[in-house]
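Student: Questions regarding the structure given below will be posed in turn.
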Amino acid sequence: MVNNVMEEAREFKKELWLFFQDISKAYDSMSSLALQKAMERIKIPTQIITILNSILANRSNRVITFYGLTDPYIVHDGIDQGDAISPLLWKIYYDPLLDAVKRSDLGYTMTANCFADMRSMSIPQIQQRIYATVYMDDTVWVANNKNSLQKILNITQEFCNIVDIEINPSKSQVMHINPNKNDDQSPVIMNGQTVSPVGKSVPVRYLGVWLTQSGKKTFQKNLISTKVTNTCKMLNWKKTTDKQVRYIINQVIFPQIEYLLMDMLLSKSQCDKINSKILKFFKIKTGFAKTAINSLFFMEEGYKIFNIHDRQLQQHGNNWIKRINKNDEVGFTTRIRLQHFQNEAWQTESVLTNKVLVKVNTGHNLTGDILELLKENEFSFLTTESNDNLITTPIGGCSAIINYMDSKWYKVNRPSLRKKRIMFLDQLMNLDFKTCLDWSHLLTFTKGNSQGSIPKWFKTLQ
């Protein structure tokens, strides 16, 4: 979801502020009284609250050390790390803050135009407001400007003072995209300390992936390459069998790589480079000739070493299907990005059901890039009653311009056509459908600026 929001802000040059919050010893600092109030707030039965209070009261802990167990000490506050019920209790404890921020109407709003009928002057929109993304005690506050973010942080600080949670400003980070010039280097205040925005290319870690203001994934790609190289060097001097090496590659290296691929795609050349590095090491380690056929190591009847291209395809395919069908903020923001991709394609056919690849620039819309990767590998998507309105495709004409012009011309002029909301030749014709409208006449329908020369694309179509 964070990636969807950041992509939209970059693509449409909208201002976005993100605060990556760090909480000091979240479970240990929980107040028993505040937890009871939080449980009463959501109408948990009194008997259940009594049982939970009795479990948390009169506890003692001992610490395992090299010399044995320490003497018992009384636990006055907090909940135990690793306890099965602790994540649920934390969610109950933290929910009042999220509810307060939600009711404040602060945050960032994602929007997408739904070009339904090209004959209509009105453009319907779909929207989704995002104010935070939370996984346990990892929180990212999202706002559309610095002042809104500061208001969210003020609400957060007030809540933390009440329930005895301590936020660590020194480990928290701020990132912005397209900020107001006056706020570019302006810090926000949390817990009495200032937190300044990170640089444009400085990666910020969130849930194991690395995010940058520019959107470049160079750091993450280098991290994948480094993990493969270091593991191969480490194993090179170990006495291991071929089966042990295969297990480490498939069950140790690849899970780490796949996690780093959560918010990005590797190109075919990058996948080949990683595969080549792994295969070269495996052949040397197991005594095979360097010229041994690669399929021997990938195929089911061979060593069954994972292929990074296949693993990427499987992972993104599964996750993409789940995200696009979700009915929460993740699903809504993903469908908005899918609509953005449909709008960018500027075609009457749905990007889901049309098997022809959309020739647009990659790297700025992960949802669209994954869809194209799936279609490249002959995946198809059928329209059903439940997903019929998943995306909106344009109507209002008979002769789509894309069907009459070559792909290179259309790719170059697609942005201009989209800006003028022109998709069909019908929109350029007079009522007799024999002559073309004058440029000045056309501008009265598209509400364009009459100043300037007539664009080349219009002269070509004319």
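Student: Sorted by average packing, counted as other Cβ atoms within 10 angstrom per residue and highest first, what order do 403-416, 344-357 take?
Tutor: Values: 403-416: 13.8, 344-357: 17.3.
The peptides rank, most packed first, as 344-357, 403-416.
Student: I've got another one for you. Can you give the accessible area per residue of the chain, in Å², using a 1.4 Å probe? Intermediate results must be reported in sequence, preceding the final value.
Tutor: On the way: 25690 Å² over 462 residues.
Value returned for the chain: 56 Å² of accessible area per residue.
Student: Ignoring ligands, DNA and RNA, what percent of the accessible area of region 156-275 is carbon or sulfur (1.4 Å)? List each step's numbers first, then the result.
Tutor: On the way: 3420 of 6680 Å².
Ligands and nucleic acids excluded, carbon and sulfur give 51 percent.
Student: Using a 7 Å offset from Cα along Cα-Cβ at residue 244, what residues in region 269-294 end up with backbone N under 12 Å from the label point?
Tutor: Those under the cut-off are none; the list is empty.
Student: Using 0.36 nm times the number of residues separating residue 269 and residue 88, minus their current alpha carbon distance, what extension gain do you get? Let's see the in-between values first.
Tutor: Details: separation 181, 0.36 × 181 = 65.16 nm, distance 4.39 nm.
Length gained between residue 269 and residue 88: 60.8 nm.
Student: What length, rounded to one decimal in nm, is gained on full extension from residue 259 through to residue 102, with 0.36 nm per residue of separation minus their alpha-carbon distance?
Tutor: On the way: separation 157, 0.36 × 157 = 56.52 nm, distance 3.00 nm.
Full extension from residue 259 to residue 102 adds 53.5 nm.
Student: Filter the cross-link list 221/268; 239/290; 43/102; 43/326 down to pairs whose alpha-carbon distance in this structure exceeds 18 Å. Mind showing how you got there, number by number?
Tutor: Values: 221/268 13 Å; 239/290 20 Å; 43/102 20 Å; 43/326 27 Å.
The pairs that break the limit, which is 18 Å between Cα atoms, are 239/290; 43/102; 43/326.
Student: Follow-up. How much net charge surrounds residue 355 when only other residues with a Cβ under 15 Å from its Cβ are counted (Lys, Arg +1; Asp, Glu -1)? Walk me through the intermediate numbers first.
Tutor: Values: positive: 359, 375; negative: 349, 372, 376, 378.
In short, -2.
Student: Now for a separate question. Subtract the Cα-Cα distance of residue 435 and residue 184 from 0.36 nm times their separation in residues, and report this length gain in nm to one decimal. If you can, show how the numbers build up before the last one.
Tutor: Values: separation 251, 0.36 × 251 = 90.36 nm, distance 5.20 nm.
Value of the extension gain: 85.2 nm.
Student: Spelling out what I want: for every residue of region 351-365, take phi, set θ = phi - 60°, compute 6.51 cos²θ - 1.76 cosθ + 1.60 (Karplus), and round to whole Hz; glycine and proline get x.
Tutor: Going residue by residue, I get 5, 6, 8, 6, 7, 6, 5, 7, 8, 10, 5, 9, x, 10, 9 Hz, with x marking Gly and Pro.
Student: Sticking with this structure for a sec: What distance in nm lies between label points placed 7 Å from Cα along the C-beta direction at residue 453 and residue 384?
Tutor: The answer from the label model is 5.4 nm.
Student: What number does region 1-122 give for Rg over Rh if you use C-alpha atoms and the Kirkwood radius? If you can, show how the numbers build up before the last one.
Tutor: Numbers: Rg = 22.6 Å, Rh = 18.9 Å.
Rounded to two decimals, Rg/Rh equals 1.20.
Student: While we're here: Report the rotationally averaged projected area of region 105-247 based on its alpha-carbon convex hull, in square nanometres. Walk me through the numbers on the way to the answer.
Tutor: Numbers: hull surface 61.6 nm².
The directionally averaged projection comes out at 15.4 nm².
Student: Rank-order 46-57, 188-199, 66-77 by packing density, defined as the average count of other C-beta atoms within 10 Å over each peptide's residues, highest first.
Tutor: Numbers: 46-57: 12.5, 188-199: 15.9, 66-77: 9.3.
Peptide ranking by packing, descending: 188-199, 46-57, 66-77.
Student: Taking only the alpha-carbon atoms of region 96-136, what semi-axes of the equivalent ellipsoid follow from 5 times the gyration tensor eigenvalues under a square root, in whole Å, largest first? The partial results should precede the final answer.
Tutor: Numbers: eigenvalues 206, 21, 7 Å².
The three semi-axes for region 96-136 are 32, 10, 6 Å.
Student: Just the Kirkwood number for the chain, please: inverse of mean 1/r across all distinct Cα pairs, in Å, one decimal. Spell out each step's value before the answer.
Tutor: On the way: mean 1/r = 0.0378 Å⁻¹.
Kirkwood radius, the chain: 26.4 Å.
Student: How large is ³J(HN,Hα), in whole Hz, for each residue of region 98-113 in order, when computed from phi with the Karplus curve 6.51 cos²θ - 1.76 cosθ + 1.60 and θ = phi - 60°, using x for Gly and Pro?
Tutor: Along region 98-113, the couplings run 4, 5, 5, 5, 4, 6, 7, 6, 8, x, 10, 10, 8, 9, 9, 6 Hz.
Student: Can you work out ³J(HN,Hα) from phi for every residue in region 315-326, in order, using Karplus 6.51 cos²θ - 1.76 cosθ + 1.60 and θ = phi - 60°, giving whole Hz and x for Gly and Pro?
Tutor: Ordered by residue, 3J(HN,Hα) equals 5, 5, x, 5, 5, 5, 4, 5, 5, 5, 9, 6 Hz.
Student: Moving on to the next point. Would you calculate, for the chain, the mean residue ellipticity at 222 nm contributed by helices, counting each DSSP H stretch of 4 or more residues as -39,500 (n - 2.57) and dividing by all residues, to the nearest 500? Intermediate values should be presented prior to the final figure.
Tutor: On the way: 16 runs with 196 residues, N = 462.
When only DSSP H runs of four or more count, the value is -13000 deg cm²/dmol.
Student: I've got another one for you. Would you mind computing, in nm to one decimal, how far apart the modelled labels at residue 318 and residue 350 are, each placed 7 Å from Cα along Cα→Cβ?
Tutor: Output for this residue pair reads 2.5 nm.
Student: Let me ask something else. Relative contact order for region 207-329: what is it in percent, counting Cα pairs under 8 Å that are at least 6 residues apart?
Tutor: Once normalised by length, the contact order is 27 percent.
Student: Amide H to amide H, which residues 5 or more places from residue 395 or on other chains are under 5 Å from it, using H placed in the peptide plane?
Tutor: 117, 118
Student: Further question on the same structure: Send over the per residue convex hull volume for region 182-289, Cα only, as a whole number of Å³. Please report the intermediate quantities before stating the final value.
Tutor: On the way: hull volume 14.3 nm³, N = 108.
Normalising the Cα hull of region 182-289 by residue number yields 133 Å³.
Student: Could I have the simple spin-label model distance between residue 326 and residue 170, label points 7 Å from Cα toward Cβ, reported in nm to one decimal?
Tutor: In this crude spin-label approximation the distance works out to 3.4 nm.
Student: Let me ask another. Given the peptides 23-30, 428-435, arrange them by the average over their residues of other C-beta atoms within 10 Å, most packed first. Write down the numbers at each step before the final one.
Tutor: Working: 23-30: 17.0, 428-435: 11.0.
Top to bottom by mean Cβ count within 10 Å: 23-30, 428-435.
Student: So what is the relative contact order for the chain, in percent, with contacts set as C-alpha pairs under 8 Å and at least six apart?
Tutor: Details: 578 pairs, mean separation 73.0, N = 462.
Worked out over the chain, it gives 16 percent.
The values are calculated or read from the model by the stated rules, or taken from the named source; none is laboratory data. The structure presented is a predicted model; accordingly, all values stated were derived computationally and were not measured. Every residue, glycine among them, receives a Cβ derived from its backbone with ideal geometry; neighbour counts consider all protein chains shown. Side chains are part of the model used for accessible areas, which takes the heavy atoms of the whole protein and leaves out ligands, DNA and RNA. Shrake-Rupley method; radii C 1.70, N 1.55, O 1.52, S 1.80 Å.
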